[in-house]
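Please read the structure below before turning to the comments.
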Amino acid sequence: MAAGKVSLSELASDGTALYWLEARPSDAGRVVLVRAEGGAVGDHSPADVSIRSRVNEYGGGAMCLVPGRGQGAFSYVDQVDQRVWFCDGPAASAPPRPLSAIPPAGQSARHGGLSASADGDWVLAVRETHAEDRAQPARHLVALSTRVGPEAESIILGGHDFVSTARLNPAGDRVVVVVWDHPDMPWDASTVVVVPVTRATDPDWGHEVLAPSGTPWAIAGGPAESVGQAAWHHDGSVRFVSDRRGWWQPYLHPGDTRGEAPRALTDQAAEFHGPDWVLGQSTMAELADGTVVARMVSQGRHTVVVLTGPGGPPRTITQPCVSIAALCAHRDGIAFIGATPDAAPNVWVLPMVPSAGEGDPPIPARPLRPSPSSALDPRDVARGEPFALTGRSGRPIFGSLYRPTRLGTPTPPGARPPLVVWCHGGPTSASELGFDLGLQFFTTRGFAVACVDYAGSTGYGRAHRCALWGLWGVADAEDCLDTAHHLAALGHVDHTRMAIRGGSAGGLTALNALAAGEGFGACVSWYGVTDLLGLAASTHDFEAHYMDRLVGPLPESEDLYRARSPALQADRIGGSVLLLAGTDDAVVPPAQAEHMRHALLDAGTHCELRIFEGEGHGFRRADTLAECFAAELDFYLRELRL
């Protein structure tokens, strides 16, 4: 199970081959660029390199293809030095060379959100600079020359706290980018900005650089609007998503300064975007004829659709995946990263996509390579059963129930299975229906698992996403408790044997639900938040003001922070707790878990803590994952008396 939890991301096509990043637990979590063409699949990046960005701590956009150069040319961020490197073809035949300079003494720099110009001369990157004499890092959009190297880098845009992945238009004279500033998160309020640029000669070095040539202008966004995925459409307009009508929907804007209103590509009340935790999100693609294909999320469920015209309903494309992470144009069709109900995430190819108004494609989607063996008989796989209910507050609650499944191990007549409620991280995130080896690890051992999209989750529109404002630590915990009681009342699970688990923000949700004393007997927290005041004092810059809306501003809301911090309310917790943390976690430092353990032990509550050397926020190594899941299973068996 641990070795099989390979994650795929950053899918791209050069028109001939497909490329993606692959994080491999069996290789100590190393992230590799993979290339696939004509049935041949192989590693494309340097053998001794792990590709990963640490911009905003969560990274993203750590790789981009560079057109107009050698076959398979690409640029990437080295996980170790966080510099941008360039390979003018496969790494085996084109040794990497740096595009970004070594930062000066007293500073360190991280890069991410990479994209390349149409002619391959420039790689745009988000640069995050940390300086010893400055508490807050600075972020700029920079242009790096693939022809000259570090001597010809330039700043395209600054003046904002955060910058996303940018795109240079084919003419090379305009850049479009999404920006936002404290105290906003990108899913709360952000802006699409167009920056005029030109090629110029650096007066000191004489090298050609890409430089801003005028005042940037905003075309969408604002204090109550979230925008994202800004890119250039074939007609020179700007395509982006906006939730101005309550849903992340796609729009087109001429891209100029005349102030024209953007035009919606569909009126469908659904999500065509997700929260920008990482840079470079891609859930839409434009085909050669201008057709736009997108991942659509409705009531938390993923589909692939063709946008049929302004305001028209999207047309669903038949394909087997229920969870889709990325999508790109490829040859005459598309490719996407997706998981089916019974197979782990894979790269899928849909060779032909019809234009708007035509029927389904004649050739079905196919996986690029056989799904890795999970050692599970297909009949052993638990499949998610979506549910919806109304909680105690009147809020809608969504989720999926996975019933225990294992051939040859019949349940005694009348017996109801123990329940584990899964709280997704975020809390601005969502659970997904796609096959997950970690979840199946428990359903094949007799547990029912309920994945809950509590208040604040994405995939249900802006109103549901904002329903957690001011209520983090309360509404999310209530929704998980109401789900457990609902499933028990229906007879699906044993109400005397219920546990809850969560990671990151989900750890806070799980611990607060346990503290409510309404039926959960055990809790497992993976690198979870335990002390909101401690988190506010130590968290990284990207989330420095995240809790201003989720809980309230400090110091005015200090009492709320204390009341919703499990480590500060340990005497209310009656069930047993297992805490898992990593020494290198910069998002939720391991001190949070240590503080929680001491508080619980002082209160007389059973608590176990395991800290893993070298692991950060999200465990990556197979040996760590194996130890954690084995410990979690043993914990449930013991604490739920199974």
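The values are calculated or read from the model by the stated rules, or taken from the named source; none is laboratory data. Since this is a predicted model, take the numbers as computed values, not measurements. Because the Cβ atoms are built from the backbone with ideal geometry, glycine has one as well, and the counts that use them run over all protein chains shown.
Remarks
- Applying the condition of being surrounded by fewer than 20 Cβ atoms within 10 Å (Cβ to Cβ) and aliphatic (A, V, I, L, M) to segment 2-16 and asking which residue is nearest to residue 116 (Cα to Cα) yields 8.
- Strands (runs of 3 or more DSSP E) wholly inside segment 383-451 containing at least 1 residues that are crowded, with 22+ Cβ neighbours inside 10 Å, in contact with a strand residue (DSSP E or B) (Cβ under 9 Å, 6 or more places away or on another chain) and without any contact (Cβ under 8 Å) to a residue 60 or more places away in the chain: 396-402
- Within segment 553-576, restricting attention to residues that are of a type in the set (Gly, Ala, Ser) and closer than 21 Å to residue 591 by Cα, the residue that is surrounded by the most Cβ atoms within 10 Å (Cβ to Cβ) is 565.
- For segment 607-641, residues that are farther than 23 Å from residue 52 by Cβ, at pLDDT 95 or above and not in a helix (DSSP H, G or I) total 4.
- Restricting segment 97-119 to residues that are within 28 Å of the chain's Cα centre (by Cα) and in a loop (DSSP other than H, G, I, E, B), the residue that is farthest from residue 150 (Cα to Cα): 118
- Single residue of segment 243-288 satisfying the filter (under 30 Å from residue 618 (Cα atoms) and in contact with a Pro (Cβ under 7 Å, 6 or more places away or on another chain)) that is surrounded by the fewest Cβ atoms within 10 Å (Cβ to Cβ): 284
- Residue within segment 74-95 that is in contact (Cβ under 8 Å) with a residue 40 or more places away in the chain and in contact with a helix residue (DSSP H, G or I) (Cβ under 7 Å, 6 or more places away or on another chain) present: no
- Scanning segment 337-355 for residues that are in contact with a His (Cβ under 9 Å, 6 or more places away or on another chain) and touching a residue at least 40 places away in the same chain (Cβ under 8 Å) gives 338, 349, 350.
- Contacts under 7 angstrom Cβ, first residue in segment 611-631 being in the same structural domain as residue 506 (by TED's automatic domain parsing) and farther than 22 Å from residue 529 by Cβ, partner at pLDDT below 95 and surrounded by fewer than 20 Cβ atoms within 10 Å (Cβ to Cβ), 6 or more apart: 621/28; 622/3; 622/26
- Within segment 529-575, being of a type in the set (A, V, I, L, M, F, W, C) and out of contact with any Leu (no Cβ under 7 Å at 6 or more places or on another chain) holds for 532, 533, 535, 537, 542, 544, 554, 560, 563, 567, 568.
- Among all residues of segment 501-512, there is none that is farther than 16 Å from residue 608 by Cα, of a type outside the set (Ser, Thr, Tyr) and either in the same structural domain as residue 187 (by TED's automatic domain parsing) or part of a loop (DSSP other than H, G, I, E, B) (or both).
- Just one of the listed residues (45, 26) is crowded, with 22+ Cβ neighbours inside 10 Å, more than 23 Å from residue 175 (Cβ to Cβ), over 21 Å from the mean Cα position of the chain (by Cα) and of a type in the set (S, T, N, Q), namely 45.
- Selection count, segment 199-248, where residues are in a strand (DSSP E or B), of a type in the set (Ser, Thr, Tyr) and either within 24 Å of the chain's Cα centre (by Cα) or modelled with pLDDT of 95 or more (or both): 1
- Flag for residue 454 being within 23 Å of residue 323 (Cβ to Cβ), touching a Cys at 6+ places or on another chain (Cβ under 7 Å), touching a residue at least 12 places away in the same chain (Cβ under 8 Å) and not assigned by TED's automatic domain parsing to the domain that holds residue 343: yes
- Test: residue in segment 550-569 that is part of a strand (DSSP E or B), aromatic (Phe, Trp, Tyr) and modelled with pLDDT of 95 or more: no
- Verdict on residue 312 being part of a loop (DSSP other than H, G, I, E, B), within 25 Å of residue 244 (Cβ to Cβ), modelled with pLDDT under 95 and not charged (D, E, K, R): yes
- Looking only at residues in segment 201-224 that are small (Gly, Ala, Ser) and touching a residue at least 24 places away in the same chain (Cβ under 8 Å), the one that is nearest to residue 256 (Cα to Cα) is 218.
For (1) more than 17 Å from residue 228 (Cβ to Cβ); (2) small (Gly, Ala, Ser); (3) out of contact with any Gly (no Cβ under 8 Å at 6 or more places or on another chain), each residue gets a yes or a no:
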| position | (1), (2), (3) |
| --- | --- |
| 120 | yes, yes, no |
| 126 | no, no, no |
| 132 | yes, no, no |
| 162 | no, no, yes |
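- If you go through segment 340-363 and keep only what is under 21 Å from residue 13 (Cβ atoms), modelled with pLDDT under 95 and hydrophobic (A, V, I, L, M, F, W, C), you end up with 350, 352, 353, 363.
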